[in-house]
Amino acid sequence: MSATKETLLTGLVAFLLFAPLTGVSLDGYGLNPHWQNPFLLAGMAMLGRLLLVRLQGLRLPVGLAGYDWQTRLQRPILAVVVIAALIFPWLVGKYWLNVATLALIYVLLALGLNIVVGLAGLLDLGFVAFYAVGAYFYALTFKYLDLSFWIALPGGALLAGLCGMLLGFPVLRMHGDYLAIVTLGFGEIVRLVLNNWIDFTNGPNGVRAPFPSFFGLDFSRHPMPGKSSFHQFFHLSYSPIHKDIFLFILLFFIVCGMVYFVRRLRRMPLGRAWEALREDEIACRALGINHVTVKLSAFGIGAMTGGIGGAFFAASQGFVNPTSFTFMESAHILAIVVLGGMGSTAGVIAAAVILTFLPEALRDFAEYRGLMFGCAMVMMMIWRPRGLLRSRRALFQREQSAC
Amino acid sequence: MTGHILAQQAVNGLVLGSVYGLIAVGYTMVYGIIGMINFAHGEIYMIAAYLTAIFLAGLTLLGLQSPPLAILLVLAATITFTALYGWSVERIAYRPLRHSNRLAPLISAIGISLILQNYVRLSQGARTQGIPSILDGGVHLFASTPDAFVRITHAQILIVVTALISMLLLHFFIARTAMGRACRAVQQDRVMASLLGVNTDRVIATVFVLGAGMAAVAGVLVTLNYGSFDFFIGFVAGIKAFTAAVLGGIGSLPGAMLGGVVLGLAESFFSGFVNTDYKDVFAFSLLVLVLIFKPSGLLGVPEVEKV
């Protein structure tokens with residue numbers, strides 16, 4: 001088909017698609033016309049199609065992709081990032097610090113989901129369930145048992161991991177796509193139970209979660225009688241931003257630990273087994289890899305990370321309720337992993353930071369966030385399924401002198 | 001009295017089940033033919049609900065008074081436009097990924113689902129919309145005393161009858177026409193079918209169009225019956241219809257309908273006799289349990305993995 005004909009056909013189909021839904025909008029039982037919309041959108045579709053036909057065969061310059069930046073610049077980049085992250089909280093106000101803390105929570109969640117989706121190749125659409133388990137574990141154990149953050153953090157992580165294992169064990173034995181739908185169902189079950197079990201979880205009204213203490217010192221201006229608070233102990237003047245800085249730096253170290261953990265794991269037999277299973281399950285099973293336990297470990301570790309993220313989310317917000325754990329949240333984390341490039345740690349971190357800061361900076365675009373995430377996911381899958389930054393496999397380095 | 005409640009819940013369950021069955025057909029056919037879960041299918045149903053209201057409002061503006069004619073016209077227009085959506089989704093998001101790895105079409109489907117939800121939210125607004133009720137009235141059966149009866153509304157009768165007719169038409173299409181034969185051939189062995197001259201791309205597109213058309217029927221019927229909808233209804237309806245497809249045995253057309261009715265009845269009895277708040281939890285738990293213990297469903301054949 002010629003390019004012109006194809007473009008015209010695209011325009012016609014696009015016009016028919018857009019005409020009823022964007023050309024008029026429902027207003028009660030009547031209609032409001034917006035005649036220009038379908039023509040505009042159909043024109044855009046035609047333009048896009050034309051560009052697509054014209055640009056076919058055009059490749060990105062190889063020079064950039066071929067440059068081995070990952071090994072050459074790794075250490076300097078890492079040093080700059082760490083130093084910048086440690087200086088950052090002292091320079092900005094409370095608002096941006098909270099955004100940065102949220103970005104780090106997303107980095108943590110995306111790293112966890114990246115193990116499951118990117119490395120092991122299991123599509124988990126209910127990741128938010130484990131996030132919710134971590135968050136609610138902290139809030140509810142504080143409410144009923146008065147446990148501190150430092151006990152609830154590992155406890156929530158373990159519980160989330162256990163949930164992941166219990167859910168994954170029966171499901172991972174069967175066809176891969178079913179896992180996606182079972183996890184989706186599980187995510188919704190968790191949210192609906194949290195929402196409806198009002199006696200225990202306080203339902204949609206949520207539960208309060210206190211701020212973690214600094215080795216037993218809390219961050220209040222006036223501590224309980226007989227106890228000393230952070231600013232008194234260190235003889236500082238009281239500032240409400242201390243606790244936010246503390247949480248940010250704590251979270252930063254946990255994220256660094258997680259990055260290191262994932263990096264080491266990928267080089268271990270277990271990490272290699274994940275990636276091998278993702279590529280060809282039948283071949284792996286023929287080679288004697290126990291696919292259930294290998295997948296289960298990925299699923300469990302991912303869920304545990306989600307639990308840690310949840311506990312931090314609860315601590316930073318001071319409050320949890322079920323609306324934070326909808327399917328949109330799972331889709332958001334998945335979008336981060338997909339855009340960062342499944343399997344690439346650096347890409348996922350960059351995507352998490354960018355996708356958290358961008359909507360904050362561009363408030364006007366917040367409306368279009370879901371639409372853009374969706375478009376980006378489809379386009380990435382079609383053109384760049386391995387992500388914008390391709391992850392490089394760690395190869396066995398042959399010694400130079402050998403030949 | 002209990003007998004009446006039981007019968008009433010059975011009627012409600014059957015109606016609900018017919019709707020689930022209609023949507024489940026789309027999941028089961030796509031899964032049967034290209035082995036992927038079309039996550040965007042629930043959104044297609046949601047689009048159909050909006051189109052129904054828009055076409056109905058348009059016909060009212062044009063001065064059409066007769067309800068049967070209006071319903072028929074709305075049904076025809078909604079099916080056509082929704083089918084076009086189904087076709088476009090396949091063409092844009094799934095066809096370029098036919099030879100990529102297993103995860104890519106699933107993620108692309110999630111992307112399409114987000115796009116469609118937000119597209120409708122932005123163009124039609126986020127609030128719940130409604131249509132005027134044009135199908136009033138009903139019949140009372142087994143009315144022994146004035147307050148003990150089983151009520152069946154005309155809309156409910158319309159749902160069950162239309163669902164039945166659509167399923168029969170679809171069955172006829174698959175079983176008797178040349179295209180239907182091609183569909184079955186592609187389902188059995190895609191490579192072999194294309195070697196024998198079947199245009200597999202066209203067959204797959206047809207399956208998406210048929211699935212979207214059936215979802216459109218469901219969208220029109222549900223909107224006429226309940227009268228209210230928002231941009232998020234596709235999500236829950238999608239999961240439940242998928243549950244129905246799995247329950248009946250994914251890949252099997254009669255299975256989708258059977259699974260729909262079984263799920264509809266189970267959900268209806270659960271919300272009637274146990275708890276209404278947890279009816280979605282019940283449906284999702286059923287999905288998880290079926291997938292764990294009987295992934296081949298009621299009428300499906302166990303899947304054998306091949307190299």
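The values are calculated or read from the model by the stated rules, or taken from the named source; none is laboratory data. Keep in mind that this is a model prediction, so the values were computed, not measured. All Cβ positions, even for glycine, are placed from backbone atoms using ideal geometry, and neighbour counts span all protein chains on display.
Checking the structure you have, find out if any residue of the range B:62-80 is closer than 30 Å to residue B:194 by Cα and either hydrophobic (A, V, I, L, M, F, W, C) or not in a helix (DSSP H, G or I) (or both). Show your work before the answer.
Taking the range B:62-80 as the starting set, the residues that turn out to be closer than 30 Å to residue B:194 by Cα are B:79-80.
Then drop every residue that is not either hydrophobic (A, V, I, L, M, F, W, C) or not in a helix (DSSP H, G or I) (or both), which leaves B:79.
Checked against the condition, which is being closer than 30 Å to residue B:194 by Cα and either hydrophobic (A, V, I, L, M, F, W, C) or not in a helix (DSSP H, G or I) (or both), the range B:62-80 yields at least one hit.
Which of the residues that make up the range A:25-53 are more than 26 Å from residue B:91 (Cα to Cα) and of a type in the set (A, V, I, L, M)? Give the steps one after another, and end with the answer.
Looking only at the range A:25-53, we keep the residues that are more than 26 Å from residue B:91 (Cα to Cα), and these are A:25-35.
If the condition is that a residue be more than 26 Å from residue B:91 (Cα to Cα) and of a type in the set (A, V, I, L, M), then A:26, A:31 are the ones that fit.
Among the listed residues B:242, B:284, identify the single one that is touching a residue at least 40 places away in the same chain (Cβ under 8 Å), facing chain A (nearest Cβ under 10 Å), closer than 22 Å to residue A:169 by Cα and in contact with an Asp or Glu (Cβ under 8 Å, 6 or more places away or on another chain). If you could, list the steps in order and put the result at the bottom.
Working: B:242 fails: in contact with an Asp or Glu (Cβ under 8 Å, 6 or more places away or on another chain).
The unique qualifying residue is B:284.
What's the number of the only condition in (1) assigned to a helix (DSSP H, G or I); (2) of a type in the set (A, V, I, L, M); (3) touching a strand residue (DSSP E or B) at 6+ places or on another chain (Cβ under 6 Å) that residue B:139 fails to meet?
Status for residue B:139: all satisfied but (1).
Return yes when residue A:361 is among the small types (Gly, Ala, Ser), without any contact (Cβ under 8 Å) to a residue 24 or more places away in the chain and more than 27 Å from residue A:85 (Cβ to Cβ) and no when it is not. Steps first, please.
Details: among the small types (Gly, Ala, Ser): yes; without any contact (Cβ under 8 Å) to a residue 24 or more places away in the chain: yes; more than 27 Å from residue A:85 (Cβ to Cβ): no.
No, not satisfied.
Is at least one residue of the range A:318-335 away from chain B (no Cβ under 14 Å), surrounded by fewer than 22 Cβ atoms within 10 Å (Cβ to Cβ), within 19 Å of the chain's Cα centre (by Cα) and among the hydroxyl-bearing types (Ser, Thr, Tyr)?
Looking through the range A:318-335, at least one residue is away from chain B (no Cβ under 14 Å), surrounded by fewer than 22 Cβ atoms within 10 Å (Cβ to Cβ), within 19 Å of the chain's Cα centre (by Cα) and among the hydroxyl-bearing types (Ser, Thr, Tyr).
A quick yes/no check of all residues on (1) farther than 17 Å from residue B:43 by Cα; (2) surrounded by 24 or more Cβ atoms within 10 Å (Cβ to Cβ); (3) of a type in the set (Ser, Thr, Tyr):
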| residue | (1), (2), (3) |
| --- | --- |
| B:241 | no, yes, no |
| B:250 | yes, yes, no |
| B:263 | yes, yes, no |
| B:276 | yes, no, yes |
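Evaluate the range B:113-133: report whether one residue or more is among the hydroxyl-bearing types (Ser, Thr, Tyr) and surrounded by fewer than 18 Cβ atoms within 10 Å (Cβ to Cβ). First the steps, then the outcome.
Narrowing the range B:113-133 to residues among the hydroxyl-bearing types (Ser, Thr, Tyr): B:113, B:119, B:123, B:128, B:133.
Among the residues that remain, those that are also surrounded by fewer than 18 Cβ atoms within 10 Å (Cβ to Cβ) are: B:128, B:133.
Yes; the residues of the range B:113-133 include at least one that is among the hydroxyl-bearing types (Ser, Thr, Tyr) and surrounded by fewer than 18 Cβ atoms within 10 Å (Cβ to Cβ).
Could you tell me which of the residues A:120, A:65, A:135, A:79 is surrounded by 19 or more Cβ atoms within 10 Å (Cβ to Cβ), of a type in the set (A, V, I, L, M, F, W, C) and either at pLDDT below 85 or closer than 30 Å to residue A:284 by Cβ (or both)? Give the derivation first.
Working: A:65 fails: surrounded by 19 or more Cβ atoms within 10 Å (Cβ to Cβ); A:135 fails: either at pLDDT below 85 or closer than 30 Å to residue A:284 by Cβ (or both); A:79 fails: surrounded by 19 or more Cβ atoms within 10 Å (Cβ to Cβ).
Going through A:120, A:65, A:135, A:79 in turn, the sole match is A:120.
What number of residues within the range A:82-92 satisfy the criterion of being without any contact (Cβ under 8 Å) to a residue 40 or more places away in the chain and surrounded by fewer than 12 Cβ atoms within 10 Å (Cβ to Cβ)?
4
Could you tell me whether the range B:2-15 includes any residue that is among the polar types (S, T, N, Q), without any contact (Cβ under 8 Å) to a residue 12 or more places away in the chain and more than 10 Å from every other protein chain (Cβ to nearest Cβ)? Even if it seems obvious, please write down each step before you answer.
To start, the set of residues in the range B:2-15 that are among the polar types (S, T, N, Q) comprises B:2, B:8-9, B:12.
Going one step further and asking which of them are without any contact (Cβ under 8 Å) to a residue 12 or more places away in the chain, we end up with B:2.
From what's left, more than 10 Å from every other protein chain (Cβ to nearest Cβ): B:2.
Checked the range B:2-15: at least one residue is among the polar types (S, T, N, Q), without any contact (Cβ under 8 Å) to a residue 12 or more places away in the chain and more than 10 Å from every other protein chain (Cβ to nearest Cβ).
Any residue that is outside any helix (DSSP H, G or I), within 30 Å of residue A:212 (Cβ to Cβ) and modelled with pLDDT under 90 - is there at least one of those in the range A:322-329? So that I can check it myself, show each step before the final result.
Residues of the range A:322-329 outside any helix (DSSP H, G or I): A:326.
In the following step, the residues that additionally are within 30 Å of residue A:212 (Cβ to Cβ) were identified as A:326.
Checking the rest, the ones that are also modelled with pLDDT under 90 come to A:326.
Checking the range A:322-329: at least one residue is outside any helix (DSSP H, G or I), within 30 Å of residue A:212 (Cβ to Cβ) and modelled with pLDDT under 90.
If you take the residues of the range A:336-376 that are buried (at least 19 other Cβ atoms within 10 Å of the Cβ) and not in a helix (DSSP H, G or I), which of them is farthest from the other protein chains (Cβ to nearest Cβ)?
A:344
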